[in-house]
Amino acid sequence: MAWTIGIVLGGITALWIAWNLTLDALWQPTDRLTLRRILFLAGVQPGEHVVDLGCGDGRIVVAAAREFDARATGIEIDPFRVLVANLWIQIARVSDRARVTRGNMYEADVSDADVVVLFLSATANFRLQERLRRQLRPGARIVSYYHPMWGWQPDVVGEARGGHPIYVYRTGDDLGRVAR
């Protein structure tokens, strides 16, 4: 019996890992110092709406709500991580202004976001660029940890723990101008 349970759980784990490897971004937890820098560099203000695309376990969503008093939404495709993220939201007591929903980041409506956070792959960033440019109103910020947005000139480049870059872009008429 124990062997059967072990084999079944092992098989489920192997399938879950294999499925995750097909996604455009692997889950890599963001350390606390880096997530605070991301939100600080974005200039998150109380009451603003922060959207984290591919939010994983929701740690940026929780920090935005708890430490910056923002409204925060996470979009995550993995149902297990959505469950974990919503559990963290309950534990942190920020469910009145934070939530994580299961969804496809390429189909998410971000038109009411003041800040969009990305910790994805270069490919995912590229695939999202036109959607972000179309949907976000002027003055909204896009923060990308590690990978820049192709062809966009960042307003700010900060540094995360370990020296990795944090790029901040502000939407407007010149978003998408080629960096020189």
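For the listed peptides 87-98, 105-116, a ranking on the average number of other beta carbons within 10 Å per residue, highest first, reads 105-116, 87-98. Kirkwood radius for segment 26-170, taken over all pairs of different Cα atoms as the inverse mean of 1/r, rounds to 14.8 Å. Note on segment 28-98: along the principal axes its Cα atoms extend 30, 26, 17 Å, ordered by decreasing extent. Computed from point charges on the beta carbon alone (+1 for Lys and Arg, -1 for Asp and Glu), the dipole magnitude for segment 26-170 about its Cα centre is near 60 Debye. Peptides 151-158, 125-132, 140-147, ordered by how many other C-beta atoms sit within 10 Å of their residues on average, highest first, read 140-147, 125-132, 151-158. Remark: segment 62-79, residue by residue, has Karplus-estimated 3J(HN,Hα) of 4, 5, 4, 6, 6, 9, 10, 6, 9, 7, 9, 10, x, 10, 9, 7, 7, x Hz, where x stands for each Gly or Pro and the curve is 6.51 cos²θ - 1.76 cosθ + 1.60 at θ = phi - 60°.
Quick note: the coordinates plus some simple rules give every number you see, no bench work behind them. Please read these numbers as outputs of a predicted model, since none were measured by experiment. All Cβ positions, glycine included, derive from the backbone under ideal geometry; neighbour counts span all protein chains shown.
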